[in-house]
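Student: This is the structure I have questions about; it appears just below.
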Amino acid sequence: MSRPPSRVELLQGTLDLLILRTLVAGPTHGHAIAKHIQRTSEDLLQVETGSLYPALHRLEAKGWIAASWELSDKGKRARYYRLTPLGRKQLAAEQSKWEAFSRAMGLILQPVDQEGQ
Amino acid sequence: MNAFFRKLRWLAERRNKETELREELQFHLEEEAERRQAEGQAGEEARRAARRELGNLTLVEENTRAMWGWTVLEQLGQDLRFAFRTMAANRLFTLLAIASLALGIGANTAIYSFMDAILLRSLPVADPQSLAMLNWHVGYRIVRGKAAEERDFVMHGMSGSTWDEDKPGITSNIFPYPAYELFRKYDSVFSVVFAHYPSWQVMRVNLAIKGQAGIATGDYVSGDYFRGLAVPPAAGRLVLPDDDRPGAPAVAVVSYAFSQSRFGGAANAPGQQILIDNLPFTVVGVTPPEFFGVDPASAPDVWLPMHTNELMGAAHQFGFRPEGYLDKNYYWVEVLGRLRPGVSLAQAQSVLAPAFHQWVAGTASNDRERAHLPALVVKEGGGGLDTLRRRYSQPLYVLMAMVGLILALACANVANLLLARAAARRREIALRLSVGAGRMRIVRQLLTESVLLASLGGALGVLFALWGIRFLTVLLANGRANFTLHAELNWHVQGAAAALSFLTGILFGLAPALAATRVDILPALKATWAGGPEARRAFRRISLSHALVVSQIAISLLMLVAAGLFVRTLSNLESIQLGFNRENVLLFQLDARKAGHQDPEIAAFYGDLRKRFAAIPGVRDASLSEDSLLQAGTGLPISLPGAPPGNGDRLLNVGPAFFRTMQIPLLAGRDFQETDRPGVPAVAVINRAFAQANFGDRNPLGQHLILWKDDRPARDMEIVGVAGNARYGSLTEDVPPLVYMPYNQGYPHPDQMVYALRTAGDPLRYVPSVREIVRQADAQVPLSEVRTQAADIDQTIAQEITFAELCSGFAILALAIACVGLYGTVAYNVARRTGEIGIRMAVGAQHGRLVWMVLREVLMLAAVGMAISVPVALGASKLVGSFLFGLKPNDPLTLALAMATLLGAALLAGYVPARKASRIDPMIALRHE
């Protein structure tokens, strides 16, 4: 109800990719990840907390990210996630898969424009 | 793998993990609230917005926890905890269920362990799969013992056994020695072909070490035997090809157990001098501890090179003769082979069968023999000879079927109890369903309970099985010291027991669980314990619980019929007219020939011992015979003067006072006496069957009989007595025409002798005196097979005794289980109808009518169960036809008795709750609703 209509629903499976990509910049906690995704996507993508934490724990169970308790900038105990080597490899694979996918989608959805150019 | 260990670590730290998760989400909320405050929202407002944004905190936690991957296990843990609590709350139910399952699973495990030992175990040698066993089969029944010109089968003589298999005709594993030499030429198929000869003479040898004599079992083996089996010596060396030729030094190999008990260790055995049947042998080596030869039915103490049977045979009047190695029509060696790598049984068969066919065709001497040539069958030999399989597999299948039925009964019972309980838990289950539990989740929880019950039953059942195996071993061995069938709870038996427990848990749990969760939530929640209208309707419908009781009654009837058949068989066997008095007779065997006694001294030795046994205080009469009456079976040609010799007339060599000792009535003439000794005219006593067959109405006394040896008269005997028919060689077959002859009046000369002492009181009390007398006479003479005449007879009906005892036990158990089930069902139904019964009583129903109303239900169930079971029983009883004696499989009396017993038990089980129903106080019952 409070959500602006311009926001995009996250596709299934893309959240994992976004989390992994976010962590390339360095370890951080769940809230910061959510905000980073939101900010970087110019508020187009809103990460639901209800799916963020299950996703983080799932990635951790798969061994793609690791977690440890650290102190935040404000001096509070927070659970920090970082990318593991396995996660880095996974990210590369997911990313190229996504790029191939989005290129394919683009080719199908925009042929008229291309002819027009 | 890594992921697994990570999960495992998480499981260990689960409690920590949960607080951490809570802390993590808390941190998120605070961050979010701060962010919102920074954007200008008020503190309280910001916090609430953060919460709203997060959504259902518990759900987020739950979804996150689900990612840890242990939900199923966690739920299992919950289910198990809950199941334990429910079980503890219903102790009687739990106890009943576990006990009946333990009995069922235990009995199945015990019987299965025997099947495993017989059907599945391999020989303890290297690569048993590449061993092959040679058999032959001929598709028709051989009539043996015909005169030479009438022969119709190439096997003219044999030492070994033949048997019936599934196909009609006979099968055997004995071959002429020249055939064995033929097989040895096929080294493209076999890397080694080897043979052994478990002759009756070597199966019981007198083995003396430094003057200490004892009975031992032996086996003759070919020079390649141990190489073929790939068995390494535990000490010294084993039999080599060079040992197995005529004139080679006599060597012997002993078993590990024998070396332990007689030489004090394997290392001491090589080089020892021993006497086997009074012939000197040198021990050269010891076999490994686990080795028992190729026949799981025997466990030899000593292995001798095959060709030493020439030495051993020379000392016996019916012993092995060297010509046996050349005779192409004398079947005696058992042949095995080690297949070359890559050669299959089928390939071996296709190469060897034509070769054997060609060879055996050359040994036929007339067209009849050529018409029925034996065909070679190459079988797998990894399990060793199938002696045990042939002897025990059929009885074990019957027992397996019975214990399977017992388990089915136990399952039905527990299912019924669970069903009754599930009905009592309707409200609980309806409540759970109404607050949103999935049906599968509840089914899974109920199944957890039943599998837990079954697992506990299974664990207890394995203990039962341990005891059962010991009990069955005693029962099957029936006093035989050389019983070699050793069942054990190895890993596959235990695995089978575990699988069985799990399966039964699912089996008896699934139906009640499905039934319990198929609930209309609203009426069930509203219903009182005494039962709503829906419960009353279910009572008249054919419910699952009724079907279970009916099946229990049907199974019980089957068991009762089986028990009845076996018990009646046993009683028929025990009431057989023996023709002699079995009570208070001590039997034991002496073999003086194996201690070096020779003719004619040996007869005097035996005669002298008889007199000394007769003089033991308390011994009323003493006599001897070449075998006990029921184990006897000697046949030699006997004829009336002037007639040609027949073949194989039954005879028994006996000593003085034999008829008085055995209390066989003499119809005419006299008993044998001391005066019937060597050098005086030979005499004979015939039985009534012989008199009727040969003399009709004429008086046989004073007539003569001729005993033939090698087609020449060997002994001319005057008939001095006619005895009543006494059982000979078999308890169940007709008494054959029989000639009794003094053991000391010429051919055939005595070998071993079985003494019979008629005693005052318990015969076994006299054993020490007997031992002392034998020791004084000649300590080298082995005394063996000490038993009472009654035990000797029981030995021949051991299987029938075992079956009768086991089946009676099983039937009683089955009946008890079925009655508990019936009682439970009826009692439960009565309890559910308390209200209805109260109303009936309030409007004036008589007690009798109420009892009848309940019993009618019991009778209906019993009648349906029996109606299903009777045709099944009639069909199934044919399968055990070969185990019965003196009655037909569809014996009407047995069936009637079984039905009457079952009906009586069912009525009793139903009467108790019926009476209770008639005692219900209408006022209390009506207030129930």
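The values are calculated or read from the model by the stated rules, or taken from the named source; none is laboratory data. Quick caveat: nothing in here was measured; it's all calculated off a predicted structure. Positions of Cβ are generated from backbone atoms using ideal geometry, with glycine treated the same way; all protein chains shown enter the neighbour counts. Surface areas here come from the heavy atoms of the whole protein model, side chains and all, with no ligands, DNA or RNA. Shrake-Rupley method; radii C 1.70, N 1.55, O 1.52, S 1.80 Å.
Student: Going by what's in this entry, would B:Phe93 be described as modelled with pLDDT under 80 and under 60 Å from the mean Cα position of the chain (by Cα)?
Tutor: In short, yes.
Student: Still on this structure: Considering each of A:Tyr81, A:Tyr53 in turn, give the residue that is within 11 Å of chain B (Cβ to nearest Cβ), at pLDDT below 90 and within 19 Å of B:Lys17 (Cβ to Cβ). Walk me through how you get there before you give the answer.
Tutor: Working: A:Tyr81 fails: at pLDDT below 90.
Residue meeting the stated conditions: A:Tyr53.
Student: Which one is nearest to B:Phe659 (Cα to Cα) among residues in the range B:713-763 that are aliphatic (A, V, I, L, M) and part of a loop (DSSP other than H, G, I, E, B)?
Tutor: Among those residues, the one meeting the criterion is B:Ala726.
Student: With (1) within 14 Å of chain A (Cβ to nearest Cβ); (2) open to solvent by less than 40 Å² (accessible area, probe 1.4 Å); (3) touching a residue at least 24 places away in the same chain (Cβ under 8 Å) as the list, and B:Pro128 as the residue in question, which single condition is left unmet?
Tutor: (1)
The rows are residues; the columns are (1) in contact with a helix residue (DSSP H, G or I) (Cβ under 7 Å, 6 or more places away or on another chain); (2) at pLDDT 95 or above; (3) of a type outside the set (Gly, Ala, Ser); (4) within 30 Å of B:Gly247 (Cβ to Cβ).
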| position | (1), (2), (3), (4) |
| --- | --- |
| B:Asp295 | yes, no, yes, yes |
| B:Lys328 | yes, no, yes, yes |
| B:Gly342 | no, no, no, no |
| B:Leu345 | no, no, yes, no |
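Matching residues to (1) buried (at least 19 other Cβ atoms within 10 Å of the Cβ); (2) modelled with pLDDT of 85 or more; (3) acidic (Asp, Glu):
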position: B:Ile773; (1), (2), (3): no, yes, no
position: B:Val781; (1), (2), (3): yes, yes, no
position: B:Asp792; (1), (2), (3): yes, yes, yes
position: B:Ile797; (1), (2), (3): yes, no, no
position: B:Phe803; (1), (2), (3): yes, no, no
position: B:Leu806; (1), (2), (3): yes, no, no
position: B:Ala818; (1), (2), (3): yes, no, no
position: B:Gly824; (1), (2), (3): yes, no, no
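Student: Residue check: is B:Arg432 at pLDDT below 85, over 22 Å from B:Leu417 (Cβ atoms), surrounded by fewer than 21 Cβ atoms within 10 Å (Cβ to Cβ) and of a type in the set (Lys, Arg)?
Tutor: No, not satisfied.
Student: State all residues of the range B:544-594 that are among the polar types (S, T, N, Q) and out of contact with any strand residue (DSSP E or B) (no Cβ under 7 Å at 6 or more places or on another chain); if no residue qualifies, say none.
Tutor: Once the filter is applied, which keeps residues that are among the polar types (S, T, N, Q) and out of contact with any strand residue (DSSP E or B) (no Cβ under 7 Å at 6 or more places or on another chain), the range B:544-594 yields B:Ser545, B:Ser551, B:Gln552, B:Ser556, B:Thr569, B:Ser571, B:Asn572, B:Ser575, B:Gln577, B:Asn581.
Student: Of the residues in the range A:40-50, how many are more than 8 Å from every other protein chain (Cβ to nearest Cβ) and either closer than 11 Å to A:Leu18 by Cβ or of a type outside the set (A, V, I, L, M) (or both)?
Tutor: The number of residues fulfilling the criteria is 7.
Student: Cβ-Cβ below 8 Å, separation at least six or inter-chain, first residue in the range B:322-346 and touching a residue at least 40 places away in the same chain (Cβ under 8 Å) and under 19 Å from B:Val125 (Cβ atoms), second among the aromatic types (Phe, Trp, Tyr) and in a loop (DSSP other than H, G, I, E, B): which pairs?
Tutor: Between residues of the range B:322-346 that are touching a residue at least 40 places away in the same chain (Cβ under 8 Å) and under 19 Å from B:Val125 (Cβ atoms) and residues that are among the aromatic types (Phe, Trp, Tyr) and in a loop (DSSP other than H, G, I, E, B), there is no close pair.
Student: Taking the range B:826-852, which residues are open to solvent by 30 Å² or more (accessible area, probe 1.4 Å) and basic (Lys, Arg)?
Tutor: Result: B:Arg832, B:Arg840, B:Arg849.
Student: Looking for whichever is open to solvent by less than 40 Å² (accessible area, probe 1.4 Å), more than 10 Å from every other protein chain (Cβ to nearest Cβ) and touching a Phe, Trp or Tyr at 6+ places or on another chain (Cβ under 9 Å) here; the options are A:Ile37, A:Ile65. Which one fits?
Tutor: After ruling out the rest, the residue left standing is A:Ile65.
Student: Would you please name the residue that is nearest to B:Met741 (Cα to Cα), looking only at residues in the range B:687-702 that are part of a loop (DSSP other than H, G, I, E, B) and open to solvent by 70 Å² or more (accessible area, probe 1.4 Å)?
Tutor: B:Asn699
Student: With the structure loaded, tell me whether B:Pro645 is surrounded by 14 or more Cβ atoms within 10 Å (Cβ to Cβ) and either touching a Ser or Thr at 6+ places or on another chain (Cβ under 7 Å) or at positive phi (or both) or whether it fails that test. Full working, then the answer.
Tutor: Details: surrounded by 14 or more Cβ atoms within 10 Å (Cβ to Cβ): yes; either touching a Ser or Thr at 6+ places or on another chain (Cβ under 7 Å) or at positive phi (or both): yes.
Criteria met by B:Pro645.
Student: Among the residues of the range B:172-206, count how many are in contact with a Pro (Cβ under 9 Å, 6 or more places away or on another chain) and of a type in the set (Ser, Thr, Tyr).
Tutor: 2
Student: Sticking with this structure for a sec: When the residues of the range B:60-73 are filtered to those that are more than 9 Å from chain A (Cβ to nearest Cβ) and touching a residue at least 24 places away in the same chain (Cβ under 8 Å), which remaining residue is nearest to A:Ser68 (Cα to Cα)?
Tutor: Among them, the one singled out is B:Trp70.
One line per residue, one yes/no per condition, for (1) open to solvent by 20 Å² or more (accessible area, probe 1.4 Å); (2) in contact (Cβ under 8 Å) with a residue 60 or more places away in the chain; (3) within 12 Å of another protein chain (Cβ to nearest Cβ); (4) closer than 19 Å to A:Gly75 by Cα:
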| position | (1), (2), (3), (4) |
| --- | --- |
| B:Thr19 | yes, no, yes, no |
| B:Gln26 | yes, no, yes, yes |
| B:Glu31 | no, no, yes, yes |
| B:Gln37 | yes, no, no, yes |
| B:Gln41 | yes, no, no, no |
| B:Glu53 | yes, no, yes, no |
| B:Thr58 | yes, no, yes, no |
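Student: Contact list please: Cβ distance under 9 Å, first residue in the range B:855-875 and under 20 Å from B:Asn829 (Cβ atoms) and part of a helix (DSSP H, G or I), second residue open to solvent by 70 Å² or more (accessible area, probe 1.4 Å) and at pLDDT below 90, pairs at least six apart or on different chains.
Tutor: B:Leu855/B:Tyr911; B:Val858/B:Tyr911
Student: Take the range A:84-115 and flag every residue that is closer than 22 Å to A:Thr28 by Cβ and either within 13 Å of another protein chain (Cβ to nearest Cβ) or open to solvent by less than 50 Å² (accessible area, probe 1.4 Å) (or both).
Tutor: Of everything in the range A:84-115, those that are closer than 22 Å to A:Thr28 by Cβ and either within 13 Å of another protein chain (Cβ to nearest Cβ) or open to solvent by less than 50 Å² (accessible area, probe 1.4 Å) (or both) turn out to be A:Thr84, A:Pro85, A:Leu86, A:Gly87, A:Gln90, A:Leu91, A:Glu94.
Student: Related question: I'm trying to understand the selection: among the residues of the range A:14-34, which are among the small types (Gly, Ala, Ser) and away from chain B (no Cβ under 14 Å)?
Tutor: A:Ala25, A:Gly26
Student: Regarding the range B:747-756, can at least one residue be identified that is open to solvent by less than 30 Å² (accessible area, probe 1.4 Å), out of contact with any strand residue (DSSP E or B) (no Cβ under 8 Å at 6 or more places or on another chain) and in the same structural domain as B:His704 (by TED's automatic domain parsing)?
Tutor: Yes, because at least one residue in the range B:747-756 is open to solvent by less than 30 Å² (accessible area, probe 1.4 Å), out of contact with any strand residue (DSSP E or B) (no Cβ under 8 Å at 6 or more places or on another chain) and in the same structural domain as B:His704 (by TED's automatic domain parsing).
Student: Another question, if that's okay. Just checking, does the range A:73-81 include any residue being crowded, with 18+ Cβ neighbours inside 10 Å and among the charged types (D, E, K, R)?
Tutor: Of all residues in the range A:73-81, those crowded, with 18+ Cβ neighbours inside 10 Å come to A:78-81.
From what is left, the residues that are among the charged types (D, E, K, R) are A:79.
So far as the range A:73-81 goes, yes, one or more of its residues are crowded, with 18+ Cβ neighbours inside 10 Å and among the charged types (D, E, K, R).
Student: Kindly evaluate B:Glu369 against the criterion of being of a type outside the set (A, V, I, L, M), farther than 19 Å from B:Gly106 by Cα, buried (at least 21 other Cβ atoms within 10 Å of the Cβ) and out of contact with any strand residue (DSSP E or B) (no Cβ under 7 Å at 6 or more places or on another chain).
Tutor: no
Student: Condition test on B:Arg47, is it within 12 Å of chain A (Cβ to nearest Cβ) and either touching a helix residue (DSSP H, G or I) at 6+ places or on another chain (Cβ under 7 Å) or surrounded by 13 or more Cβ atoms within 10 Å (Cβ to Cβ) (or both)? Let's see the steps before the verdict.
Tutor: Values: within 12 Å of chain A (Cβ to nearest Cβ): no; either touching a helix residue (DSSP H, G or I) at 6+ places or on another chain (Cβ under 7 Å) or surrounded by 13 or more Cβ atoms within 10 Å (Cβ to Cβ) (or both): yes.
No.
Student: Shifting gears a bit: Can we say B:Ile839 is part of a helix (DSSP H, G or I) and modelled with pLDDT under 90?
Tutor: yes
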